[in-house]
Every structure is written in structure tokens, then in C-alpha cells.
Amino acid sequence: MSAKITAAALSFFYGEKQALFDVGIEIAANQVTALIGPSGCGKSTFLRTLNRMNDTVPKTRITGKILLDGADIYQPGVDVVALRRRVGMVFQRSNPFPKSIFENVAYGIRINRMASSRGDLHHRVEQSLRRAALWDEVKDRLHDSALALSGGQQQRLCIARAIATAPEVLLMDEPCSALDPRATLQIEDLMRELANDLTIVIVTHNMQQAARVS
């Protein structure tokens, strides 16, 4: 199984405080890899190094390497916007934009100029919602506010938004921690389905969830 992502001798610092110590790991392509461990051990910090989200935090620094398809993502000159297109992210708390369901998913497609026409845009939005197992629940109310959806639906909408720009990797930071058991199972089923086309890395506190999905 080829590695999609490789971390080598990776250490990470918030100012003087070291959060990651000499991490080495290979993350296989088209699988779900779960990171588990106690609160504060650096799981989310590590996850955010994989698409350079930590760059937005002042006074952080990194040593070592992270390779995506063999190329170091921390090399000078790397286009971070293009990197984050390839490595999407879904957060612990669902964070839909205060826009319609349709506009939430269309947003990334539009700013990345991925749609060739209005019809193509609609097709891409529908496909993303279908892949996120949400289409049948929202197809008659695409222009309603995303904020009116249930917690589980909002989280699946955030997944639809993340996959709409066709990433190769999807990072998920405790995506089910705020959800009820039924919504959690829906997200877990979705992860297994998406792993046919995507490399997924999930942070979870839940040992049973890690065993089920990864």
C-alpha cells in the first residue's frame, strides 16, 4: 500500500512550547487512518500540520518534513491555497456558512472556478451532496438556510462542501463529537464510502469509532 502522506522527524512548537516530538508516520492512500490519544497529546496539532492550518497561528514553527505524494509541503514556494484544495478539512463543530444549502457547497466550486456553466455548477453541487449522503434530505430546500439543518445534517453539509473541490485527502477533527449516535453512524458510513476515492485522516477520542472506521 503506497503512502499518500509521510511525516519524518516532525516536531512542532507553539512559541517555546513543544507540542509534537519527532513524529514519523506513513498514511496509506485510500484508507481511513485514525489518530487516538488523550486530550492535549497533539492529535489536532498534527492533523493541522498536514494542510498547514497551523500557519495561521502566530509564533509557531516546525522541524522535519511532511511529504504529500513525495513532495515536501513545507518547502519554500509551496502554494498553500493549492495545498488546501488538495487536503480538505472538516472540523469538530459543524461550521456551515450563513448562506443557503446550495451556496455552502457552491462556494468552493465558484472561487476555484471549477464549473464551466451554471448547469455544471448545479451538477457539481448535487454530486457533492449525493456523495455526502445528504441529497435526498435537502433536494427540495436547497435555497433554505444551512443553519436550519440538524447537527448531523450540518456536519454532512460541511463534508459535502469539503469534497466539492475534489480534494485528494480529507482531514476530520473529531467530526462526530457533538453528534447523537444515529448521526455518528451516518458520518462513519460516509467515511468508509469516501475512502474509495479519498485518503481520510480522522482524530477521535472514541476507541470504538477508530476500530469501526479505520
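Excluding same-chain neighbours fewer than eight residues apart, the lysines reachable from Lys43 by a Cα-Cα span under 30 Å are Lys4, Lys17, Lys59, Lys65. Ranking Val201, Thr33, Leu121 by how far each Cα lies toward the positive end of the dipole of the chain (charges on Cβ) leaves Leu121 at the top.
Only Cα sites of the range 1-107 enter the Debye sum here, all with the same form factor; the resulting log10 I(q)/I(0) across q = 0.23 1/Å is -1.42, listed in q order.
Ordering Arg156, Arg61 by how much accessible area each has at a 1.4 Å probe, largest first, what is the list?
Arg61, Arg156
Using the Cβ of Asp72 as centre and a radius below 13 Å, the other residues enclosed give a net charge of +1, where K and R count +1 and D and E count -1.
What is the log10 of I(q)/I(0) for the range 67-187, computed with the Debye formula using one identical point scatterer on each Cα and no solvent, at q = 0.13, 0.14 Å⁻¹? Treating every Cα as an identical point scatterer, log10 I(q)/I(0) equals -0.53, -0.60. Descending by average beta-carbon neighbour count within 10 Å, the peptides 162-169, 136-143 line up as 162-169, 136-143, the highest first.
The values are calculated or read from the model by the stated rules, or taken from the named source; none is laboratory data. Just so we're clear, the structure is a prediction, and the values are computed from it rather than from any experiment. Quick reminder, even Gly has a Cβ in these numbers, built from the backbone with ideal geometry, and neighbours come from all protein chains shown. Heavy atoms of the whole protein, side chains included, go into the accessibility calculation; ligands, DNA and RNA do not. Shrake-Rupley method; radii C 1.70, N 1.55, O 1.52, S 1.80 Å.
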